[in-house]
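Student: The structure under discussion is supplied below as C-alpha cells; questions concerning it will follow.
The values are calculated or read from the model by the stated rules, or taken from the named source; none is laboratory data. Keep in mind it's a predicted model, so treat the numbers as computed, not measured. For neighbour counting, all protein chains shown are included, and Cβ atoms are generated from backbone atoms with ideal geometry for every residue, glycine included.
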C-alpha cells in the first residue's frame, strides 16, 4: 500500500468567513484574558499547538493546511470548524489532508497580519487553471478609493498608532483625535478602532459630517437636535428631544442634558461616538465656535461625573483646512492626538508583496519613494496600476507629475486649495523654485505642512516629495513673488506681511 506521507500534499485554506470568525474569537480572548493586548505569534503558536510557520500560512491564504490543523486553531478559541470556514487550496477542487505540511514552501507574508483578509484574495486562489495568481489579482483588484475595508489584506498597520488607539478607547471618557491630510488613512484607522470597540462590547455610533445638510450646519439648534436624534436612532432608542429641549436654557445645555440624563442613562455599556470629517464643521465658524467647546466640556465632565465616562469620542479631521487658532487650541489640549505617519520602506515592500509584486531587491521601492515618499494613497494607486501591468514603474514615474499621470486628480485638488489662498500659493511657489530649504512664517509653514506639501527640517522647510516639486514648478511658475533676504542667513525668508 502506498505510504500516505509520499502522497502529493494538498490542503485547505480559510475563507473570508472563516478568517472573520477566528479573528473575532482571538480578539475576544485578547480582551478577556490579555487586557486587550494582542497575542504574540509565539503565544498563538503555543495555544493552537502549531508552529509559528503554520500560523503564517494560516493568515496568508496562499498555502494549504490540513483540516486537522485547522481544527486545532479553531478549537483553541472554542470554535467548531464549519464547512464555510475553509475551501480547497488546490485548483482541481480535490481536498486531501496534508500529513507533512511543515515541509511545504513557506510564503513569507508578514505574521504580524492579524487582520482578516479580503474576499478578493480567496477569489484569486480559486481562479481558473488558465490564469496565474498574478493575472487573477489584476482581474479582481478594486481601485484604491476611500477607506480600506476591515477585511482587506491591503491595510498596513503603522505601529504604535493602532495599539495606542486600542488602549485609549478602554479609558473612561476618552477622546481620540485622528488628524492628517486627506488620503492618509484616517477613516481606515477609525473603522478598526470601532471594530475593536465592538469586540469589547461597546455600543457604536458613527456619524459622518459630509452627510449633513448645509441648512443643518448653518444653524446651531438644528445641528444639535440632529446630533441627538441621530445618536438616539443608532442606539435604537426612541428620540425624546422635546422632553429635554428648553429655549430658556439654550441649545447646548439642552443637548448636554439629553446626552447625560437620557442617552447615557439608557445604556449599560460604554458608547463610542465616532465623528468623521469634523473639519466640515470648521467651514461654519459660528457652529464651530459653539460645538467644539461643547465636546471639550463633555470630556472634562467625565473627570468628575461617572455618567459621562460612558461616552468615548473618536474624531477624524483633515488638516488641509484652516482651523482658527482658538478652536485649534481648544482641540489640541483634549484627548489622545494621533498624527498618521507615512509608510516606511519596509511597509511599502510588504504592501507590494500583497499586490503580487516581487520587490525583493528594494530598488523599485527606493525609486517609488524617491518620487512620492510614503504617502499611503499614492503608494496604493501606484501598486494598483503596476499590479495590473498597465504600465511599467519607469513609465509611471516619468508621467507621475503630468496631466497624463496617475496622480493628476490628487495634484489638481491640491492646486485648487493653493490657488484659493494667495498667501499660501506665493510662499509655496517660492519654495518650489528655491534652494533646498527656506524659512517661512510659522503660520504659513504650518498650513503648508498640514496639507502635506512641506516638511520641517533642521535648517528650514523643504518640499515633502519630488512629485510636488515637479508638478507645482510648472503650474505655479507665474506666481508673483516678493522675496526678502535675511541679512544674517543665506536662506530666504517669507512672512505673511511679505507675500
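Student: What number of residues in the stretch 168-186 are out of contact with any strand residue (DSSP E or B) (no Cβ under 6 Å at 6 or more places or on another chain), modelled with pLDDT of 95 or more and outside any loop (DSSP other than H, G, I, E, B)?
Tutor: Looking only at that region, the number is 0.
Student: Restricting attention to the stretch 242-261, does a residue exist that is assigned to a helix (DSSP H, G or I) and within 26 Å of the chain's Cα centre (by Cα)?
Tutor: No, because not a single residue in the stretch 242-261 is assigned to a helix (DSSP H, G or I) and within 26 Å of the chain's Cα centre (by Cα).
Student: Check off (1) crowded, with 16+ Cβ neighbours inside 10 Å; (2) at negative phi for residue 394 and give me the number that stays unchecked.
Tutor: Of the numbered conditions (1) crowded, with 16+ Cβ neighbours inside 10 Å; (2) at negative phi, the odd one out for residue 394 is (1).
Student: Please report, ordered by residue number, the helices (runs of 4 or more DSSP H) entirely within the stretch 347-459 with at least 3 residues that are under 21 Å from residue 145 (Cα atoms).
Tutor: Fully inside the stretch 347-459 and qualifying: 363-372, 376-387, 393-399, 408-419.
Student: Return yes when residue 317 is modelled with pLDDT of 90 or more and part of a strand (DSSP E or B) and no when it is not.
Tutor: Against the criterion (modelled with pLDDT of 90 or more and part of a strand (DSSP E or B)), residue 317 qualifies.
Student: While we're looking at this one, here's another question. I'd like the residue in the stretch 460-479 that is out of contact with any helix residue (DSSP H, G or I) (no Cβ under 7 Å at 6 or more places or on another chain), modelled with pLDDT under 90 and assigned to a loop (DSSP other than H, G, I, E, B) and, out of all such residues, is surrounded by the fewest Cβ atoms within 10 Å (Cβ to Cβ).
Tutor: The extreme case among them is 478.
Student: Which members of the stretch 262-296 meet the condition of being farther than 15 Å from residue 223 by Cα, loosely packed, with under 14 Cβ neighbours inside 10 Å and within 28 Å of the chain's Cα centre (by Cα)?
Tutor: Residue satisfying the conditions is 269 alone.
Student: Residues of the stretch 215-249 being under 16 Å from residue 294 (Cβ atoms) and in contact with a strand residue (DSSP E or B) (Cβ under 8 Å, 6 or more places away or on another chain), which ones?
Tutor: 227, 230, 231
Student: Follow-up. What are the residues in the stretch 192-227 that are at pLDDT below 95 and outside any helix (DSSP H, G or I), if any?
Tutor: Residues satisfying the conditions are 200, 201.
Student: Any idea which of (1) surrounded by 19 or more Cβ atoms within 10 Å (Cβ to Cβ); (2) out of contact with any strand residue (DSSP E or B) (no Cβ under 9 Å at 6 or more places or on another chain) is the one residue 428 doesn't satisfy?
Tutor: Answer for residue 428: the failing condition is (2).
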